[in-house]
Amino acid sequence: MEHTTIFVVGLGLIGGSIALNLQNNKHSTVIGFDGNAKTLDYAMQNQIIDQQVTSFEEGVSLADIVFLATPTSITRSYIQQLEQMKLKKELIVTDVCSVKKPVMETAESLTNQKVVFVGGHPMAGSHKNGIEAAKAHLFENAYYLFIPGTHACEEHVSKLEKLLSSTRSYFVTVDVEAHDQMTGVISHFPHLIASALVHQARSWHDTHPFLHELAAGGFRDITRIASSHPKMWNDIFFQNRETMISLLSDWIHEMDHLKSLVETLEHDELHTYLEQAKQYRDGLPVKQKGAIPSFYDLYVDIHDQPGALSEVTHIVAQETISIVNIQILEIREGISGALRLSFQTAKDQKHAQMLLQSNGYEVTIE
Ligand SMILES: NC(=O)C1=CN([C@@H]2O[C@H](COP(=O)(O)OP(=O)(O)OC[C@H]3O[C@@H](n4cnc5c(N)ncnc54)[C@H](O)[C@@H]3O)[C@@H](O)[C@H]2O)C=CC1
Ligand SMILES: O=C(O)C(=O)Cc1ccc(O)cc1
C-alpha cells in the first residue's frame, strides 16, 4: 500500500478528531499546523499528530492530502493561497465547513490544475470546541457528507472515504445547494429557534422570576443546542443566509397559521397538526443512522435517597466510561425518580447498562 502524507490545518474539535482517526493508519503520516502555538504543542505532546510544521506552505509542500479544519473565512483564504503555490503532484484538498456554498465558490475559482477539491462536512459536533474536546469516536454513526468540486471524480472521493474509514461514519455525496438547504433545515435553523425560545423565556423572567426554576424537562430538551458556540453559529447563519431567510419566512407564516388556529378554536385542525408532527418525529431514525448522532441514553431508576447520584456515577466512572450528560428526571420528595445518563457511543451505553444492572439497578434504554 502506498504511503500517504496527510496535512491537517486547524487542530480544534473537528481537525483534532480527524487527526486522531488518521493516526490509526500505519500507511500514513499526519502532519499538523494550527494558528495557536499551544494547540500545536498539545497535538504533538498527545500524539494527535506525528509531525508539526511552522507554516501552511511547508505542510502543503510535504502533503498528498490536505484537510482544512479552520473557521470558514480562514479556510477560504488557505484555498486562495493554493493558487500561487508550485505543486509537484496532484494535491487532494478537503475541508469540514458547515456551510458549503462559500467554500465551493472559492475552490471553483482556482486555476491551479494540480489542486483537486472535495468539500467535506462531518455532521457531528459537541457543545465544546478546541483540541481538548477532540475525540476519535466523534463521528461514529454520523453522516459525513462530500461535495466534490468540478475537477474531482469518484476515485478522489473514495480515497478520502478509505482514509476516514476508522471514523465509522456514513459517507454520502451531495450537491452544494442540497447540502446547504438540508443542513439549513435540520441543523442551522433549529439553533436559531432554540435561541429564540430562550430569549422568550428570559423576557418573562422579571415578571415571573420563579420561571427559572420551572424551566426543566421539555424546555431544557428543546433549547439544549442554544448552549453551543455563539461565534461558530453566528458565522454559520450568515454563510447560509439565503436558506435562513427563506426558512424564517416559512416559519413566520407557520406561526401565523398556528395563531389563527388557536384564535378561532380549531381544535380538530390543531389536533391533526400535532398528530402529524408526532408521526413524522417518531419515524425519524434514532439509534442507527441519523443526520446528527443522538446521544446514547440510559434511564436508571433511583429512589430519592442521598448518594444515589454519586453511587451511579462512581460505578460507571470506575470503568472509565465517560458520561456526556446527566439529567435528574421527576424526583420529588419521597417519590422514585430516574436519572438519564447520556453516552457518546452505543458500546459505552451497553457497558454502563451491564455494570449498573449487576449492581442491582433497574436500567432501561428508551
Ligand atoms: N463544532 C462543530 O460542531 C462542527 C464544526 N464544523 C466546522 O469545523 C470547522 C472548525 O470548527 P471546530 O473544530 O469546532 O472549531 P475549533 O475552534 O475547535 O477549531 C478551530 C481551530 O482552527 C485554528 N485556527 C484558527 N485560525 C487559524 C489559522 N489562521 N491557521 C491555522 N489554524 C487556525 C484554531 O486555533 C483552532 O484550533 C468550522 O468551519 C465549523 O463550521 C463542522 C462540523 C461540526
Ligand atoms: O447541528 C447540530 O445540532 C450539532 O450540534 C452538531 C453539528 C454542528 C455543526 C455542524 O456543521 C454539524 C453538526
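Bear in mind these aren't lab numbers, they're just calculated from the coordinates by the rules spelled out. Here the structure is a predicted model, which is why all the values come from computation and not from measurement. Cβ atoms come from the backbone with ideal geometry, glycine included; neighbour counts cover every protein chain shown.
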Net +/- balance of residues flanking T345 in space, Cβ distance below 11 Å, scoring K and R +1, D and E -1
+2
Set the Förster distance to 35 Å, then compute FRET efficiency between A277 and T313 from the Cβ-Cβ distance, nearest 0.05.
0.50
Treating the angle as unsigned and between 0 and 90°, give the value, to the nearest 10°, between the Cα long axis of helix 230-239 and the longest Cα principal axis of the chain.
70 degrees
Subset of K135/K347; K26/K162; K278/K350 violating a 19 Å alpha-carbon distance limit
K278/K350
According to a simple spin-label model (label point 7 Å from Cα along Cα-to-Cβ), what is the distance in nm between K26 and S77?
4.1 nm
If you take every DSSP beta bridge whose two residues both sit in the range 4-174, what share of them, in percent to the nearest 5, is antiparallel?
15 percent
Could you go through the range 57-63 in sequence order and give the Karplus-derived ³J(HN,Hα) for each residue, using 6.51 cos²θ - 1.76 cosθ + 1.60 with θ = phi - 60°, rounded to whole Hz, and x for Gly and Pro?
4, 4, x, 4, 5, 9, 8
What FRET efficiency would be calculated for the residue pair V198, S165, taking the C-beta separation as r and a Förster radius of 51 Å, to the nearest 0.05?
0.85
Using a/c under 1.5 as the rounded threshold, could you call the chain rounded, prolate or oblate? The axes a ≥ b ≥ c are square roots of the C-alpha gyration tensor eigenvalues, and prolate needs a/b larger than b/c, oblate otherwise.
oblate
Round to a whole angstrom and tell me the spacing of the C-alpha centers of the range 1-77 and the range 130-173.
15 Å
Assuming R0 = 30 Å, can you tell me the calculated FRET efficiency for the pair H151 and K128, based on Cβ-Cβ distance, to the nearest 0.05?
0.25
Radius 14 Å from Cβ of V198, net charge of other residues (Lys, Arg +1; Asp, Glu -1)
+2
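Between H3 and T111, what length in nm is gained on full extension when 0.36 nm per residue of separation is reduced by their alpha carbon distance?
Working: separation 108, 0.36 × 108 = 38.88 nm, distance 2.76 nm.
36.1 nm is the gain from fully extending H3 to T111.
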In whole Hz, what ³J(HN,Hα) sequence does the range 274-284 give by Karplus (6.51, -1.76, 1.60; θ = phi - 60°), x for Gly and Pro?
5, 4, 5, 5, 4, 4, 5, 5, 5, x, 6
Using the alpha-carbon atoms, what tilt in degrees (0 to 90, nearest 10) does helix 189-203 show relative to the longest principal axis of the chain?
40 degrees
Angle in degrees between helix 241-263 and the longest Cα principal axis of the chain, rounded to the nearest 10
10 degrees
How would V174, V8 line up from fewest to most surrounding beta-carbon atoms within 10 angstrom?
V174, V8
Counting only residues 5 or more apart in sequence or on a different chain, those whose built amide H sits under 5 Å from that of S28 are T4
Find how much the distance from S55 to E177 grows on full extension, using 0.36 nm per residue of separation minus their present alpha carbon separation; answer in nm with one decimal.
40.6 nm
Residue-wise HN-Hα coupling along the range 340-349, computed from phi with Karplus coefficients 6.51, -1.76, 1.60 (Hz; x: Gly, Pro):
9, 9, 10, 10, 7, 10, 5, 5, 4, 4
What does DSSP give for the chain in terms of the percent of beta bridges that are antiparallel, rounded to the nearest 5?
45 percent
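How big is the charge dipole of the chain about its Cα centre, in debye rounded to the nearest 20, if each Lys and Arg gets +1 on its Cβ and each Asp and Glu gets -1 on its Cβ?
Working: 28 positive and 44 negative charges, 218 e Å.
That gives a dipole near 1040 debye.
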